[in-house]
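Structure, as structure tokens:
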Amino acid sequence: MSEVPEISQLESYLQDAIKEVWGTTFGASPEFIAPEPSAKGMSSIIGISEGMSGFLAIHVSPEDACKIAGVMLGDTYPEVDDIVCDAIGEISNMLGGSLKKFSGKFDEPFKISTPTIVRGKDYETHAAEDAKRVIFGIKAISVCITVQLVIYSH
């Protein structure tokens, strides 16, 4: 098993990844804020395995998911459909890949799964009590997203 970075270092890598993805994809600089309670109703979750284990999730309201897809694809989406779900999944995939790149100085790069999309009005993500967590909000391009990184202790 490779050396796992400290959670504060992972938080820094994740913020770098978010800046990179938002800059490249949206031409915008994200503002890091407290987690936004309204950023729920849709989540994209990718698993992290091998060099580390855990998950990376983005949580967003359906309305903001439609706005994100619209900016990404240059179209209008009045409601969540398969295209909107794919766009949100792609954002989490890009974040996971960028996090992997910034974490690359450690012996074994971790692997990420394909995104899983969860939608609904009443759901939560849970992790073991001893898991290391990073959670914060992002505000950019007139939307709010919550990003959650959970790494399990070995």
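Listed values, structure above:
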| read-out | value |
| --- | --- |
| Integer Hz, Karplus 6.51/-1.76/1.60 couplings in order for region 117-133, x for Gly and Pro | 9, 10, 10, x, 9, 9, 8, 9, 9, 10, 9, 4, 4, 8, 5, 8, 10 |
| Neighbour-limited loop hits for trypsin sites (Lys or Arg not before Pro), region 5-100 (at most 16 other Cβ within 10 Å; DSSP other than H, G, I, E, B) | none |
| Region 7-151 - Rg over Rh from alpha carbon coordinates, Kirkwood radius | 0.94 |
| Mean separation of Cα contacts under 8 Å, 6 or more apart, over the residue count of region 11-128: relative contact order % | 33 |
| Those GluC sites (Glu not before Pro) in region 67-131 that DSSP places in a loop and that have at most 13 other beta carbons within 10 Å | E79, E124, E129 |
| Förster-model FRET efficiency, 30 Å R0, K111 and K139, C-beta, rounded to 0.05 | 0.50 |
| Net dipole in debye of region 7-151 [+1 Lys, Arg Cβ; -1 Asp, Glu Cβ; about Cα centre; nearest 20] | 280 |
| Pair D75, Q9: separation of 7 Å Cα→Cβ label points (nm) | 4.3 |
| Exceeding the 22 Å Cα-Cα cut-off - candidates K111/K139; K40/K101; K67/K139; K67/K100; K100/K121; K19/K100 | K111/K139; K40/K101; K67/K100; K100/K121 |
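All of the numbers you see were taken from the coordinates with simple rules; none came from a lab. Keep in mind the model is a prediction, meaning the values are calculated, not measured. All Cβ positions, even for glycine, are placed from backbone atoms using ideal geometry, and neighbour counts span all protein chains on display.
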